[in-house]
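Structure first, then comments.
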Amino acid sequence: MSEPVSALRRARYAGFVTVEEAGLQGMVQIRGDLSSDAFTSAVSDAAGVPMPGLREASLDGRNGLLWMSPDELMLLCPYPEADRALSRLQATLADTHHLALNVSDARAMFTLQGDGVRDVLAKLAPVDMAPDAFRPGMLRRTRLAQVAAAFWLRSDTQAEVICFRSVAPYMMELLSTAARPGSAVGLHGG
């Protein structure tokens with residue numbers, strides 16, 4: 001059996017922002033009643049991080065929980081741990097209405113690093129990227145050009161983007177083009 005590989009084998013582009021396909025990342029999509037204490041407690045325990053608020057990311061290294069919609073979360077974990085996290089969730093939530101699915105191999109993640117991450121994202125998404133409107137820890141599920149995606153800031157100089165694996169080459173090209181040297185617009189430190 002061959003070893004799993006990430007969508008773009010950690011492709012990297014160095015522009016005024018560095019864009020890198022982040023490699024293999026465990027991702028478990030979870031749907032359920034976010035107002036249920038039993039549900040949120042089980043999910044938070046499985047992720048090892050507090051529940052995120054509306055349109056937020058709760059992160060600790062490669063582990064985390066992303067608020068994706070009013071009834072959906074994305075659990076992040078190291079890739080080799082995704083099946084175990086899914087099994088723990090299913091066992092803990094056995095008597096609770098939910099849906100949980102390991103989508104690690106169906107998604108791709110990108111890391112953007114540099115002072116101009118806000119400019120790169122602002123070029124592609126209909127989101128106000130001003131520092132007072134979009135702060136680290138906030139998440140948006142939207143489109144980057146023509147691609148459905150979610151992104152969040154880990155800091156003012158680091159962002160992460162997830163999309164479907166099938167569009168990873170297109171996403172890499174979009175992000176790289178938006179980060180091309182000489183194309184910084186300087187709105188947010190680019």
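Quick look at the numbers
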{"item": "Peptides 112-118, 59-65 ordered by average Cβ neighbours within 10 Å, highest first", "result": "112-118, 59-65"}
{"item": "Gain on full stretching of the segment that runs from Ser166 to Met51 - 0.36 nm per residue minus C-alpha separation", "result": "38.5 nm"}
{"item": "For the chain, accessible area per residue (1.4 Å probe, heavy atoms of protein chains only), Å²", "result": "47 Å²"}
{"item": "Of Val147, Tyr170, Ser6, farthest towards positive along the dipole that unit charges on Lys, Arg, Asp, Glu beta carbons give the chain", "result": "Tyr170"}
{"item": "The chain, relative contact order in percent, only Cα pairs under 8 angstrom and at least six apart counted", "result": "26 percent"}
{"item": "Overall form of region 1-142 per C-alpha gyration tensor (a/c, 1.5; a/b vs b/c)", "result": "oblate"}
{"item": "Two-site FRET efficiency, Gln90 against Arg10, from Cβ-Cβ distance with R₀ of 45 Å, rounded to 0.05", "result": "0.90"}
{"item": "Arg143 versus Asp60: modelled label distance in nm, points set 7 Å from Cα along the beta carbon direction", "result": "3.8 nm"}
{"item": "Whole-percent carbon and sulfur share, accessible surface of region 39-125, 1.4 Å", "result": "49 percent"}
{"item": "Gyration tensor verdict on region 113-190 (Cα atoms; rounded if a/c is under 1.5, prolate if a/b is larger than b/c, oblate otherwise)", "result": "oblate"}
{"item": "Whole-Å distance, taken between Cα centres, linking region 1-49 and region 109-176", "result": "15 Å"}
{"item": "Cα→Cβ-extended label distance, 7 Å offset, between Glu72 and Asp105, nm", "result": "2.1 nm"}
{"item": "Per-residue ³J(HN,Hα) for region 45-54, Karplus 6.51 cos²θ - 1.76 cosθ + 1.60, θ = phi - 60°, Hz, x for Gly and Pro", "result": "4, 5, 7, x, 9, x, 4, x, x, 3"}
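The values are calculated or read from the model by the stated rules, or taken from the named source; none is laboratory data. Note that the structure is predicted; figures quoted are calculated from it, not measured. When we count neighbours, we look across all protein chains shown, and the Cβ atoms used for this are built from the backbone with ideal geometry, even at glycine. Only protein heavy atoms, including side chains, enter the accessible area calculation; ligands, DNA and RNA are left aside. Shrake-Rupley method; radii C 1.70, N 1.55, O 1.52, S 1.80 Å.
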